[in-house]
Amino acid sequence: MTEITLRSWLLAEIPGSRLQARCQWAFINWLAFKRNPVALIGLLIILGLVAVAALAPWITTSNGLELHLSERLQPPSSEHWFGTDELGRDIYDRIIWGSRITLYIVALVSIIVVPIGLVIGIVAGYMGGWVDTCLMRLTDIFLAFPRLILAMALVATLGRGLENAVLAIALTTWSPFARIARAEALTIRNSEFILAARVQGVSTIGILFRHVTPLCMSSVTVRLTLDMAGIILTAAGLGFLGLGAQPPTPEWGAMISLGRQYLIDQWWVPTVPGIAILVVSLGFNLLGDGLRDVFDPKSGS
């Protein structure tokens with residue numbers, strides 16, 4: 001009975017409060033999202049990544065840093081599910097602990113690029129004129145360079161390390177978000193509710209952050225989810241080149257770099273972290289496709 005009542009409340013034709021309206025919006029989007037089985041697979045992969053990272057101390061036998069030279073380069077077995085590397089470290093444990101680093105990179109980059117891209121994009125789109133021209137030419141400069149090459153240049157300037165790699169990735173990733181936010185702001189700025197807000201005396205800053213920004217978030221969220229694969233690959237590329245997380249940190253790109261010389265005879269050393277990158281990147285792409293289908297009114301049913 002409670003479930004029926006809750007569903008009726010969520011599907012009511014006229015919401016009785018702002019909270020109910022927001023809950024209805026989330027529930028209707030969830031109903032649309034779960035009709036896409038491929039997107040659900042992506043969601044399960046990402047939830048699995050989060051669960052594995054959270055449970056790392058309880059589902060591993062070591063921290064992934066312990067050396068056991070007598071067990072070096074052991075193939076996958078019941079004792080070492082993914083085998084061991086050139087220093088006898090359990091690859092399964094290193095993959096699990098490496099998932100925390102992947103989430104750390106994804107979270108920090110997201111925290112940095114979304115506000116930067118939103119602010120630049122909505123200010124450019126709403127203000128127009130020379131403000132738009134200046135901000136978009138700055139955006140075009142960052143868009144003109146390949147992401148990995150520009151990130152390598154920034155890391156070389158800032159110095160090696162995980163934090164500097166995250167900062168470099170963020171500085172090379174914000175520009176597409178600014179473009180998307182600008183496009184949304186251009187569409188919204190002459191809407192009737194924006195004109196009504198101006199008439200009521202709402203400040204420009206208030207209009208930007210109370211009215212324009214919330215309407216840009218769905219497009220930015222979709223783009224962020226789709227860009228996660230690129231962010232992960234860029235981080236792995238920097239790690240592979242020795243510019244990101246430094247040994248013995250169990251970062252997946254660095255693990256591939258250290259294990260590439262064993263690809264022929266001990267294939268599992270570089271292959272397992274490569275598969276981990278592939279699966280997580282695929283999960284974000286599938287999730288992003290599902291979110292795009294939900295938030296894009298022109299797509300499908």
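At-a-glance table
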item	result
Hz values of 3J(HN,Hα) by residue in the range 243-249 - Karplus curve (6.51, -1.76, 1.60), Gly and Pro given as x	9, x, 4, 9, x, x, 4
Distance between modelled label sites at residue 79 and residue 28, nm, 7 Å Cα→Cβ extension	6.0 nm
FRET efficiency for residue 205 and residue 263, using Cβ-Cβ distance with R0 set to 45 Å, rounded to 0.05	0.25
Listed residues 113, 202, 123, most fluctuating in the chain (Gaussian network, C-alpha, under 10 Å)	202
C-alpha long axis of helix 37-54 to longest principal axis of the chain, angle in °	60 degrees
Read-out mean projected area of the Cα convex hull in nm², derived from the coordinates shown; its label in [x] 28.4; [y] 19.2; [z] 20.5	[z]
On Cα atoms only, tilt of 213-240 relative to the major axis of the chain in degrees	20 degrees
Over 16 Å [Cα-Cα, the range 1-88], rounded percent	72 percent
Cα-based convex hull volume of the range 145-281 per residue, rounded to whole Å³	122 Å³
Residue 7-residue 157 FRET efficiency (beta carbon distance; Förster radius 45 Å; 0.05 resolution)	0.20
Burial order of peptide ranges 71-80, 40-49 (average beta-carbon count within 10 Å, highest first)	40-49, 71-80
Extension reserve of the residue 35-residue 134 stretch, reckoned as 0.36 nm per residue once the Cα distance is removed	31.4 nm
Rg(Cα) / (2.2 N^0.38 Å) computed for the range 88-169, rounded to two decimals	1.46
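We did not get these values from a lab; they are worked out from the coordinates using the rules stated. Because the structure is a prediction, the values reported are computed rather than measured. Cβ coordinates were reconstructed from backbone atoms using ideal geometry, including for glycine residues, and neighbour counts include every protein chain displayed.
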